[in-house]
Amino acid sequence: MKHFTKIITILFFFTILISCRKNVDKGTSISATGVAFDSSKNKLLSNTKVYLLGGRPTFTYNGVTYDRIIDSTITNNVGHFSINFIADGNYIDYALSLCSPVFPIYSNNHAVADYRYSNTKFNYKTQLTNTVVNGRELDSGIIHLKVNANPYDTLFVEVSPRNYFNELNQQFLLTGSSIDTQLNVYSLDSSMYDINFGVFAQKIQDSGFHRALYDSFFVQKNTKLAYTRLFNSTYELPLKK
């Protein structure tokens with residue numbers, strides 16, 4: 001109990017310290033140069049958007065939340081970038097990321113922030129040079145789905161890499177008494193994927209049930225997602241409460 005109280009006290013004083021830090025003065029030049037880098041593929045990421053995020057004091061473990069996009073730039077054809085911003089006086093710190101904190105799935109067509117690394121923070125400096133912003137390059141993957149009989153006329157499909165649900169979750173609503181289609185999805189190599197199939201038709205929802213089936217698969221290193229699934233009927237999806 002004493003140990004817990006000590007931790008709470010330290011966090012409290014740390015939060016107070018952060019909250020006392022003033023915003024960067026309006027008109028201050030904020031700048032950064034560096035590269036976007038995929039450590040899994042050991043390559044620089046060209047033509048990839050880099051976001052400058054504004055940090056505000058919050059009651060979190062590190063005292064700052066970087067949740068506002070204030071500027072962005074694009075890496076050149078060899079993965080290098082530079083960005084300059086004139087502070088507006090609204091933020092106490094800044095950070096760089098390859099992913100928008102709002103609607104992340106729409107924020108970058110080429111890469112996603114690497115979950116193994118935090119945002120590249122300025123740590124209350126106004127200039128970063130030769131910095132590295134970590135990310136994962138996105139490839140194009142394919143899901144081939146065939147349903148011979150679909151008495152419910154709709155089928156919901158949701159797919160995402162397990163560690164990137166918020167960033168790369170994709171959902172599809174398929175219709176038809178039979179389905180034979182190819183879904184184009186984001187692909188990350190060396191990643192575990194989860195895929196969910198569901199039927200939420202009114203005629204079974206009224207009974208308090210729905211049909212759902214969950215599957216997972218692994219995309220090997222240096223390969224692209226290629227997944228095939230055949231259902232003779234959507235009745236194969238188990239009934240669930």
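Where a number appears in this text, it was derived from the coordinates with a stated rule and is not lab data. If you're wondering where the values come from, they're calculated on a predicted model, not measured in any experiment. Here Cβ is always computed from backbone atoms with ideal geometry, including for glycine, and neighbour counts include all displayed protein chains.
Here are the numbers for this structure:
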read-out	value
Quotient of Cα Rg and 2.2 N^0.38 Å for the stretch 137-223, N being how many residues it contains	1.19
Cβ-defined net charge surrounding Asn77, 15 Å radius [Lys, Arg +1; Asp, Glu -1]	+1
For the chain, calculated [θ]222 nm from helices alone, where every DSSP H run of n ≥ 4 adds -39500 (n - 2.57)	-3000 deg cm²/dmol
Residues with amide H under 5 Å from that of Asp114, placed H, sequence gap 5 or more	Gly135, Arg136
Nearest 10 degrees, 0 to 90: helix 2-20 Cα axis against the chain principal axis	70 degrees
Shape metrics for the stretch 97-241, restricted to C-alpha atoms - Rg then Dmax, Å	18.7, 61
Difference of contour (0.36 nm per residue) and Cα-Cα distance, Ser31 to Phe217	62.8 nm
Excluding exposed DSSP-loop chymotrypsin sites (Phe, Trp or Tyr not before Pro) (at most 16 other C-beta within 10 Å), longest clean stretch of the chain	125-199
The stretch 172-241 - Debye-derived log10 I(q)/I(0), Cα point model, q = 0.16 Å⁻¹	-0.68
